[in-house]
Structure formats: C-alpha cells, structure tokens
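Okay, structure first, notes after.
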Amino acid sequence: MPRLSHRTQPSTRSRVSARTRLSAVAALTALGTLASVGGATAADPTLNGQWAPFTRCPVDAAAMLAADGFDKTPQCVVSTSASGSIKLGKTTVVTGRTNLQFGVVQNADGTSSVVAPPSGALVADSATVPGGLFGLMCPSDIPVITGICQTLSDARLNKITATMESVGAPYAFDQTAGVLKDMPIIALPVRIHLQNPLLGDKCYIGSASAPIVLRPKNLDYPAFGMSFFQGDGTLDEAGEMSRIDLTGAPQNDSGFAVPAASGCGLNIGLINAAVNAKTGLPSAAGNNSLTLNSAQTHLAGLTAPGTVAPDAGKVLARNWRSAVR
C-alpha cells in the first residue's frame with residue numbers, strides 16, 4: 001500500500017475504514033475481557049448403568065413429581081447425534097454433537113406434555129461457519145462494512161461460530177413417531193447464536209418471540225431395543241424400571257422457516273443488513289434443512305407405574321437420584 005505524503009489527504013472511505021479498524025480492535029479487547037470473566041457452568045452428573053444417558057432429566061420439576069402413575073405417567077427422554085448439518089438460507093454449516101433431553105408426562109387420554117430441564121432441552125456443540133465473518137458479509141458497498149472487511153485478515157477476527165440454543169420448552173411430542181419414519185417426533189423452538197468479536201454477544205438468528213421451530217423425523221426405521229433395570233440403573237430382567245432404545249436412523253427436517261439475524265455488531269442496523277443479505281435471510285420454509293446423523297433416542301420410565309400410584313413421579317425422581325455417582 002503506498003505511503004501518504006504530507007500533501008495527500010486520505011479519502012472519506014479510507015478515513016471510515018481506519019476508524020472502523022480502531023473500533024474493531026477496541027471491541028475485540030472489550031469482548032475478550034467479558035469472555036474471560038464469564039462464570040463456569042456446573043457439569044452434568046454421571047449416572048449408573050441404564051440411567052447413564054439421562055443426565056439432565058428434569059425429575060424434580062413440579063409436573064414430573066405430581067405425576068401419579070394412573071392419570072399421568074412420568075418418563076425421561078434423551079436423543080443424541082454425533083454429527084449433522086444445518087442449512088439456513090444460503091449458508092450450510094456442519095454441526096457437531098447435539099443432546100436433547102426432556103421429561104414427558106403421558107396422560108391417560110393419550111396426550112402428553114413436555115417438561116424441559118432448567119438449562120434448556122437442547123445442548124449442542126458450537127460449529128464453525130465456513131468463510132467466517134468475511135464469508136457472511138463481504139464484499140459490501142457500505143463504507144462501514146467495507147472497513148470491517150478490511151480487518152478480517154486477522155483469523156481471530158474472522159472466525160465465527162454458530163451455536164443452536166433452546167428458547168422455550170419443546171412440545172407436540174409423539175412417542176409413536178419415534179418408532180416410525182416420516183412423522184414429526186417433536187417441535188423444538190431454537191435460535192442460532194452467532195459469535196465473533198465484531199458481531200458482539202447478542203447476534204442471533206431467531207429469538208424467544210420468533211424462534212426457528214424444528215420438527216425432526218426419522219428418515220428410516222430405527223433399530224428397536226428394550227431393557228429392564230433396578231432403580232439405581234443396574235440391569236435386571238425383573239427391575240421396576242424399563243428403557244426403550246431407538247437407534248441408528250438419520251433424522252431430518254426441511255420444512256422450517258428462518259427469520260432474519262438481529263442484534264449483530266458494532267453498528268447493529270448495518271451489520272444485520274449485511275449478514276442477512278449475504279446469507280439470504282429471512283428464508284421461507286422449504287429453503288432450509290436440518291440433518292442429524294445416526295440419531296440415538298432413549299426413553300426411560302417405571303415398568304408398572306400404577307403399582308406405586310399416586311407417587312410415580314416421586315419414585316422416578318428417587319430412583320434417578322440413587323443412580324447418581
């Protein structure tokens with residue numbers, strides 16, 4: 001880049017870019033400080049035997065404890081996948097591990113209600129967005145965005161991660177659909193948290209008031225298994241607990257809509273517009289998809305809940321706690 005002489009005045013675009021680069025460095029420093037003082041979250045407990053996958057079952061939630069075993073039956077559900085992908089508008093991201101857990105109260109009339117853990121039903125690994133921030137909003141003819149684009153040769157500023165988060169409890173759980181294929185199993189409201197020093201900490205696709213609602217379904221019939229175990233998780237053919245395993249089937253949803261990104265960046269309006277334009281958001285249903293590879297779903301409950309009525313929920317909670325190591 002040629003050096004300016006003392007007679008040469010920088011262009012307006014150069015002045016904007018320089019200011020933006022300085023702002024970007026300041027933002028990186030401030031956000032880095034915030035990240036360094038963030039509190040650690042408590043680790044999930046380790047459970048014995050057949051209880052092992054159910055680390056976040058909300059057994060102590062009021063609705064679960066109140067289930068009597070006659071009119072209302074409590075159960076724990078977990079569904080995991082080691083990898084997958086999600087397409088939002090024009091952007092496709094390879095995803096890592098997902099862990100969905102919730103409680104279910106099955107009603108005598110055939111309906112059910114879902115109970116989410118306090119920390120949210122879904123826990124997912126962060127995924128790296130291909131191309132980083134540069135790929136999400138550059139090039140641009142907006143001077144402020146152009147200035148930001150010029151800072152992105154620094155890999156730390158360019159890298160962007162996307163994390164799927166629960167916003168509200170899942171609903172419309174269909175236990176039968178979990179055994180079959182091509183039927184939505186559950187409705188899962190989520191948002192996508194985009195994280196990068198220049199985007200700030202409040203950049204989301206979707207929100208609590210306007211979430212992305214995923215309705216995954218099996219693309220093939222899962223393998224079916226069933227086991228019985230004691231309250232503490234030890235295998236026992238005469239055990240008071242039972243577990244259903246539905247494994248190996250890929251799951252997919254290609255019918256959800258995706259809202260625009262919001263809350264992004266130093267200049268919120270301009271960066272939102274740049275990200276949405278480049279990624280094709282908002283995106284109507286039919287243009288987006290989620291795939292979970294080889295989903296592993298497990299459901300645990302009392303084998304004969306009526307025998308401990310009206311205390312089925314309390315017995316389930318006691319058994320779960322007895323398995324914690």
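General observations
- Odd one out for A127 among (1) open to solvent by 50 Å² or more (accessible area, probe 1.4 Å); (2) closer than 21 Å to G280 by Cα; (3) touching a residue at least 12 places away in the same chain (Cβ under 8 Å): (1)
- Candidates are the residues of the stretch 188-217 that are among the hydroxyl-bearing types (S, T, Y) and in contact (Cβ under 8 Å) with a residue 40 or more places away in the chain; the one that is nearest to S262 (Cα to Cα) is Y204.
- Some residue of the stretch 275-290 being buried (at least 17 other Cβ atoms within 10 Å of the Cβ), closer than 30 Å to R243 by Cβ and modelled with pLDDT of 95 or more: yes
- The conditions of being modelled with pLDDT of 90 or more, closer than 20 Å to I185 by Cα, surrounded by 14 or more Cβ atoms within 10 Å (Cβ to Cβ) and β-branched (V, I, T) are not met by V93.
- Only one entry in V59, V78, V105, V115 is farther than 28 Å from L290 by Cα and either open to solvent by less than 30 Å² (accessible area, probe 1.4 Å) or in contact with a Leu (Cβ under 8 Å, 6 or more places away or on another chain) (or both), namely V59.
- Of the residues making up the stretch 258-291, those that are under 28 Å from N99 (Cα atoms), in contact with a Cys (Cβ under 9 Å, 6 or more places away or on another chain) and assigned to a loop (DSSP other than H, G, I, E, B) number 2.
- Those residues of the stretch 50-74 which are in contact with a Ser or Thr (Cβ under 8 Å, 6 or more places away or on another chain) and charged (D, E, K, R), in sequence order: R56
- Matching residues in the stretch 178-191 - criterion: being under 28 Å from G132 (Cβ atoms) and touching a Leu at 6+ places or on another chain (Cβ under 7 Å): L188, V190
- Test: residue in the stretch 159-174 that is open to solvent by 40 Å² or more (accessible area, probe 1.4 Å) and farther than 20 Å from C57 by Cα: yes
- Segments classed as strands (runs of 3 or more DSSP E), wholly inside the stretch 175-239, with at least 1 members that are within 27 Å of K90 (Cα to Cα): 188-195, 212-214
- The one condition from (1) hydrophobic (A, V, I, L, M, F, W, C); (2) under 30 Å from Q50 (Cβ atoms); (3) more than 20 Å from the chain's Cα centre (by Cα) that I271 does not meet is (2).
- Tally of residues being of a type in the set (D, E), at pLDDT 95 or above and under 25 Å from P117 (Cβ atoms) across the stretch 156-210: 2
- Residues in the stretch 292-325 that are small (G, A, S), out of contact with any Asp or Glu (no Cβ under 8 Å at 6 or more places or on another chain) and not in a strand (DSSP E or B): 1 in all.
- Count of the stretch 61-108 residues, restricted to those that are closer than 26 Å to F256 by Cα and either free of Cβ contacts under 8 Å to residues at least 24 places away in the same chain or part of a loop (DSSP other than H, G, I, E, B) (or both), is 6.
- Selection within the stretch 246-257 - open to solvent by 30 Å² or more (accessible area, probe 1.4 Å) and either under 30 Å from G49 (Cβ atoms) or in a strand (DSSP E or B) (or both): T247, G248, P250
- On the stretch given as the stretch 216-239, residues that are surrounded by 18 or more Cβ atoms within 10 Å (Cβ to Cβ) and either of a type in the set (D, E, K, R) or touching a Phe, Trp or Tyr at 6+ places or on another chain (Cβ under 9 Å) (or both) total 6.
The values are calculated or read from the model by the stated rules, or taken from the named source; none is laboratory data. Not measured: the values here are computed from a predicted model. When we count neighbours, we look across all protein chains shown, and the Cβ atoms used for this are built from the backbone with ideal geometry, even at glycine. Areas reflect the complete protein model, heavy atoms only, side chains present, ligands, DNA and RNA absent. Shrake-Rupley method; radii C 1.70, N 1.55, O 1.52, S 1.80 Å.
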